[in-house]
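A quick write-up on the structure given underneath.
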Amino acid sequence: MSVFNWSFFQANVFIVNDLNNSFEQKKLLRHELEFFEYIQKIFIEKNNLILQGYSKESGYWLEYCFVDSDFYLEPYLT
C-alpha cells in the first residue's frame, strides 16, 4: 500500500480505560505515531482513506485518516 499527496492527516489512538469497554480517544502527534500490527479495516470514500487496526507497540486501536489523498493498493498473495 502506498499513500501520498494528502492534504490533511490525522492519527487517533483509542485507549481502553476499564473492563466496561469505555475508551479515551487521543490524537497522536508526529513523534507519537505507532505501527499497525495488521491493518484490519480500510475505508475508501472519494479521495479519502481511513486505515484501522491494532497497534504493534501499545496494542490499542489505531485510526489513520488521509484526506484528499492519492493511494495505491496492491493485493498481497502468498
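The values are calculated or read from the model by the stated rules, or taken from the named source; none is laboratory data. Note that the structure is predicted; figures quoted are calculated from it, not measured. All Cβ positions, glycine included, derive from the backbone under ideal geometry; neighbour counts span all protein chains shown.
Some notes on this structure:
- Matching strands (runs of 3 or more DSSP E) fully within the range 1-74 where at least 1 residues are free of Cβ contacts under 8 Å to residues at least 24 places away in the same chain: 23-27, 36-45, 48-55
- Test for Gln52: is it modelled with pLDDT of 95 or more, under 10 Å from the mean Cα position of the chain (by Cα) and under 15 Å from Val3 (Cα atoms): yes
- Looking across Phe35, Phe43, one residue alone is of a type in the set (Phe, Trp, Tyr), in contact with a Leu (Cβ under 8 Å, 6 or more places away or on another chain) and loosely packed, with under 12 Cβ neighbours inside 10 Å. It is Phe43.
- Members of the range 28-51 found to be among the aromatic types (Phe, Trp, Tyr) and either closer than 10 Å to Glu63 by Cα or touching a helix residue (DSSP H, G or I) at 6+ places or on another chain (Cβ under 8 Å) (or both), listed by number: Phe36
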